[in-house]
1. For the stretch 94-111, name all the residues that are free of Cβ contacts under 8 Å to residues at least 24 places away in the same chain and over 10 Å from the mean Cα position of the chain (by Cα).
2. Looking only at residues that are more than 18 Å from Thr7 (Cβ to Cβ) and not hydroxyl-bearing (Ser, Thr, Tyr) in the stretch 84-101, which one is surrounded by the fewest Cβ atoms within 10 Å (Cβ to Cβ)?
3. Go through the stretch 21-42 and count every residue that is more than 18 Å from Ala94 (Cβ to Cβ), aliphatic (A, V, I, L, M) and either surrounded by 13 or more Cβ atoms within 10 Å (Cβ to Cβ) or in contact (Cβ under 8 Å) with a residue 24 or more places away in the chain (or both).
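We did not get these values from a lab; they are worked out from the coordinates using the rules stated. It should be emphasised that the depicted structure is a prediction, and the values quoted were computed from it without experimental measurement. Cβ sites come from the backbone with ideal geometry, for glycine too, and all protein chains shown count toward neighbours.
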Amino acid sequence: MMPSRDTSLDNLLDLHGQVLVIDAAGYWVRFVVHQVPVTAQKPHGLDYSMTMHAPDGTRLVGFDNAHQVEGKRRAEHDHKHRLRTVKPYAYRDAPSLVADFWSEVEAVMREKGVWL
C-alpha cells in the first residue's frame, strides 16, 4: 500500500501567490511557499514567507525562512517577525505553521483595535 500524500502540505503549497485583504480598513496577507530539496537550513523542504501588512504596506507579521536574520550565524532558518521584533520559530508541520501565522495576525489586529 502506498503511503498517503500529506494533504496539509498540499494545502500550504496551494496558498502560494495568494494575497488576501483581511479587513475593510485594507490590512492584507501574502503567501509565498515553495517546496525545495531538504537541506540542513530547510529540513522540512520548504522555502516560505507568510506576511501580514498594514494598509500602507508596512509588514506587521511575518513567518519565513527566506533570509538571514541580522546577527545570526546560520544563513537561513525559520523565524517570525512581529512588529519590530524577530524571534526563532520552531517549525513543526504545515498545519501548525498556518495556525501559528493566523494566531499572530489575529493578536496584532486585536492589539491595533481593528478586530475586537
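1. Ser96, Ser103, Glu106, Ala107, Arg110, Glu111
2. Arg84
3. Here the count works out to 2.
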